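Only one structure is covered here, and it is reproduced in the block below.
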Amino acid sequence: MTLGMGKRQISKIILLETILIGMISLIIGLVIGVFASQFMSILVSKLFEADMSEFKFVFSKDACIKTCIYFAIMYLAVMIFNTITVSRYKLIHLLTAIKKNEKVKIKNPVLSIMIFIIAAGILGYAYWKVTAGVSTLTTADKILPVIGMGIVGTILVFWSLSGFILQMIQSIKKIYLKDTNMFVLRQINNKINTMVVSMSVICLMLFMTITILSSSLSLRNTMQKDLKEMTPVDVNLYKMTNLPEKYTDPYGKEIIFTKEQIEDFKITIQETLKNNGFDMGLLKDMVEIPIYTEQELTWEKFFGDSIQEAKAKFPMLAYGTVEEIVKISDYNKIAKLYGIEQYELKDNEYIVLCDFESIQAIRNQALQNKNPLKIAGKEYESKYKECKSGFLKMATSHINTGIILVPDSCELTEDKKEQTLLAANYQGETQEEKQKMEEVLVKSGSGFIQNLAKQGIPIDGMTKISLMESSIGLATIVTFIALYLGIIFLIASAAILALKQLTDSTDNKQRYTILRKIGCDEKMINEALFRQIGIFFGLPLVFAMIHSIFGIQFVLSMMSGLASKKDLLPSVIATIIAIGVIYGAYFTATYLGSKNMMEEER
């Protein structure tokens, strides 16, 4: 402007600069992104030990086009705002800009303290709702108001901080007047004062990063551990043994069984397999046990006086469901094969096996009330005041909601036998050999079990291979999305803070020059800069960590049965390391960049 260039020409220069920078960053970003996405795919697959033999390098044309479009839209907005900004500048204002101070409105400290107390109250209530009151957050319309309170509370905290923190520290003369604290505190106060919404958004993004990464990694750890624990053998098969001549399946379809099929219900699974020509040499370590039920012994009967508490906590459960009953010696056969704990019972005792945490808690309440049960005409008392760990059927996680173990002397008759369970291993030793046997037994559409189903013989089951494949697929998707979201939020937050600080450093060169003139040496100036940037980066992170303590608990409560708090510590440590590396790198780069700017003024 001083040389006489018009605003239109200046706008063209800025437009060309923006386009050039945008094209360079887009090209480099796309190249890095294509290869980084492959790396991310491999990383997540390795985390879950997925089969990588079919992995191929993939380039998504649609993703590339969408990235270019969204990037162009953002840069177009930047160019428009730049043009508007330039059009408003006047030469006289630019010449005197360095001498002007930023206008900062001083907030009423009393009002700020009141707002801070209100914000703390809002956040405190939100924290309580997602922890102690989490059982009431069953639908989206109940969860959204709590999220809204968290957002509002965060904004009010940052708004109020700039109104009383400076005044509060000013009253502590020993701290305020020490070294360059006066300068640093005023700089920070001004930043917070002018970046209330930005700091709040950054804090919430960091909160989401910590919560998403910690929860997803905890889910991954739990699922991997549960998979190993819950798939101790290669195959589980089970067959209903007490179906009527006419039967309605879970999908509402009526099935009429023939006499031959009804006779088959009465024999073991091993006999059924042999009778239909299955090569029993493919299986080893076979253990088959019966599972009984009594129509009178339902969940509602079991909970007794605790039924209302159970219904209040889990209103959607089918309390008319009959309990599964297994004799102690039969269970111990399975437990021995599985390598899990075996139990002993007296003739008047029973044990409840349950490893699903939420159901376990309400069952324990009933057991503490010394809940006696009448089974096969005899009354039994619980040997323990809490559920014991154990299961019969393989699964991807601990979802056993209850099995009642009774003494062998319990007179459970054949008509009460609901189904039989067969647990076994494949004869093969290598994974390839087991995969071949898997295809023979349960290959989709043409396996031996599927052929039996076509003949009306209701044998069903699950295998270790199929459970691991399905679990790895789900866990990989969840972790993949979580890692992407977490890293994007983290980088975005750090980048915004870094850009803001570097911009301010350019504007603050004159202020640091004044510090030198009044006698501050380079060490004091560097310390002041380091503390200023440290507080600026640390403040939203500290609040985000406080939010995350409660947010992670809420997420784990929502994923009850899938993720465990026991596996949380390694996940939190991994998240802290990730944040330390990425956030710390931005902090270090920002400090070094700002320091170089300050040294240019020497």
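The values are calculated or read from the model by the stated rules, or taken from the named source; none is laboratory data. Quantities reported herein were computed from a predicted structural model and do not represent experimental measurements. For neighbour counting, all protein chains shown are included, and Cβ atoms are generated from backbone atoms with ideal geometry for every residue, glycine included. Each accessible area value is taken on the protein alone, full model and side chains, heavy atoms only, with ligands, DNA and RNA left out. Shrake-Rupley method; radii C 1.70, N 1.55, O 1.52, S 1.80 Å.
The figures follow:
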| quantity | calculated |
| --- | --- |
| Among SER358, VAL235, PRO458 - extreme Cα towards positive end, dipole of the chain, charges at beta-carbon | SER358 |
| Cβ-based charge dipole, the range 166-322, positive-most Cα from LEU273, PHE207, SER306 | PHE207 |
| Rounded to 10°, Cα long-axis angle of helix 328-338 versus longest principal axis of the chain | 50 |
| Cβ charges +1 (Lys, Arg) and -1 (Asp, Glu), total dipole of the range 194-301, debye | 520 |
| Largest-first ordering by accessible area, 1.4 Å probe, given options HIS547, HIS398 | HIS398, HIS547 |
| Listed pairs LYS311/LYS417; LYS333/LYS383; LYS239/LYS443; LYS239/LYS284; LYS311/LYS388 exceeding 27 Å between Cα atoms | LYS311/LYS417 |
| Alpha-carbon centroids, the range 144-190 and the range 406-427: separation in whole Å | 67 |
| Per-peptide average of other Cβ atoms within 10 Å, ordering 369-379, 216-226, 452-462 highest first | 216-226, 452-462, 369-379 |
| From phi via Karplus (6.51, -1.76, 1.60), per-residue ³J(HN,Hα) for the range 422-438 in Hz, x at Gly/Pro | 10, 10, 7, 10, 6, 5, x, 9, 8, 5, 5, 5, 5, 5, 5, 5, 4 |
| Among 535-543, 572-580, the order from most to least packed when residues are scored by Cβ within 10 Å on average | 535-543, 572-580 |
| Given [x] 26.6; [y] 25.4; [z] 30.0, the label whose value is Kirkwood radius over Cα pairs in Å derived from this model | [z] |
| Cα centroid separation, the range 341-363 to the range 381-401 (Å) | 6 |
| Nearest-10 value in Å² for the accessible area of LYS301, using the 1.4 Å probe | 130 |
| Degrees, to the nearest 10: 61-88 long Cα axis against longest axis of the chain | 30 |
| Where the chain is the region considered: accessible area per residue in Å², 1.4 Å probe | 55 |
| Derived scalar couplings ³J(HN,Hα) [the range 398-414; Karplus, 6.51 cos²θ - 1.76 cosθ + 1.60; whole Hz; x for Gly, Pro] | 7, 10, 6, 8, x, 9, 9, 8, 10, x, 5, 6, 5, 7, 8, 8, 4 |
| Sequence of MET468, MET79, MET316, MET558 from largest to smallest accessible area, 1.4 Å probe | MET316, MET558, MET468, MET79 |
| Amide hydrogen neighbours beyond the local backbone of VAL235, cut-off 5 Å, H modeled | ALA424, LYS464 |
| Sulfur and carbon atoms: percent of accessible area, the chain [1.4 Å] | 63 |
| Sequence-distant residues sharing a close amide H with ILE255 (under 5 Å, placed H) | TYR247, THR248, ASP249 |
| PHE116, PHE183, PHE39, reordered so the largest accessible area comes first (probe 1.4 Å) | PHE39, PHE116, PHE183 |
| Accessible-area value, LYS388, 1.4 Å probe, nucleic acids and ligands omitted, Å² | 50 |
| Value of [θ]222 nm, deg cm²/dmol, for the chain, DSSP H segments ≥ 4, -39500 (n - 2.57) each, nearest 500 | -21000 deg cm²/dmol |
| Protection-proxy order for peptides 199-207, 480-488, each taking the mean of Cβ atoms within 10 Å per residue, highest first | 199-207, 480-488 |
| Estimated dipole of the chain in Debye, rounded to 20 [Cβ of Lys and Arg +1, of Asp and Glu -1, Cα centre] | 4620 |
| Normalised contact order of the chain, rounded percent, pairs of Cα under 8 Å and 6 or more residues apart | 20 |
| Per-residue ³J(HN,Hα) for the range 348-359, Karplus 6.51 cos²θ - 1.76 cosθ + 1.60, θ = phi - 60°, Hz, x for Gly and Pro | 10, 10, 9, 10, 9, 9, 7, 10, 8, 3, 5, 5 |
| Accessible surface of ARG511 - all protein chains present, 1.4 Å probe, nearest 10 Å² | 80 |
| Degrees separating the helix 7-47 axis from the principal Cα axis of the chain, which is the longest one | 30 |
| Dipole of the chain, positive direction: furthest Cα of TRP128, PHE59, ILE582, with charges on the beta-carbon | ILE582 |
| Only Lys, Arg (+1) and Asp, Glu (-1) charged, at Cβ; the range 250-359 dipole about Cα centre in debye | 220 |
